Each structure stands twice: as structure tokens, then as C-alpha cells.
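Any read-out appearing in this document is the output of simple, stated calculations on the displayed coordinates, not a laboratory observation. All values derive from a computational prediction rather than experimental measurement. Quick reminder, even Gly has a Cβ in these numbers, built from the backbone with ideal geometry, and neighbours come from all protein chains shown.
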Amino acid sequence: MADKNRYVVTIDTYVYAENDYMARKKAHQITEDLNAESKDSVSPRVIEIGESPIGRLDYREFDDISRPKTKEEKEQKSPF
């Protein structure tokens, strides 16, 4: 990669989901899919997630934008 320049690209997209949890899940799935396809050429990450109802000026930014844990991660017992 030493022979290549690095660029910053900001991508904005809408995600339609039943609730906040599913919106977070879909947003992180998009970044994971991009990472899986692109190898080392990109490293997308979720910067912000918010709700923006159609036809309204309201915007509610999520306090928690972390990737939701999978069922397997939830079932794992902590060693502590």
C-alpha cells in the first residue's frame, strides 16, 4: 500500500428498519459487507445513526451506535 494514496470518502445512506436495534444491525452489516468484499482497500465504519421521519424536519441521533451483539456473543459467558 506504500505506492497508493489514502483518501477519505464519506458515504450517506438510508436504512429502513422496524426499530433502533434493527437500524443499528443493518448499518453495521453494511460496513461488514464492504469490509469483506474490499479486502484492504477500504475500512468503512459507522460514524452516526439517527432517525429522520419522511416528510418531517425532526432528526433524532442515536446515543448508542455500537454493533449489536450476535446471539452467540450474547450467550458467551464472561470469564470474569
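Quick rundown of the values:
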item	result
Stokes-Einstein D in µm²/s, Kirkwood radius over Cα pairs - the chain at 25 °C with 0.890 mPa s viscosity	162
Sequence-distant residues sharing a close amide H with residue 49 (under 5 Å, placed H)	62
Using θ = phi - 60° and Karplus 6.51 cos²θ - 1.76 cosθ + 1.60, couplings along region 44-50 (whole Hz; Gly, Pro as x)	x, 8, 7, 9, 7, 9, x
Value at 222 nm in deg cm²/dmol, rounded to 500, when DSSP H runs of n ≥ 4 in the chain each add -39,500 (n - 2.57)	-9500 deg cm²/dmol
Hz values of 3J(HN,Hα) by residue in region 13-21 - Karplus curve (6.51, -1.76, 1.60), Gly and Pro given as x	8, 9, 10, 9, 8, 6, 7, 4, 4
Mean Cα-pair separation over length for the chain, i.e. relative contact order, pairs under 8 Å, 6 or more apart, %	21
Of the GluC sites (Glu not before Pro) in the chain, those whose Cβ has at most 16 other Cβ within 10 Å and which sit in DSSP loop	18, 48
Cleavage-rule hits, chymotrypsin sites (Phe, Trp or Tyr not before Pro), region 1-71, DSSP coil, Cβ neighbours within 10 Å at most 16	7, 14, 16, 59, 62
In region 20-66, trypsin sites (Lys or Arg not before Pro) in a DSSP loop with at most 13 other beta-carbon atoms within 10 Å	39, 45, 56
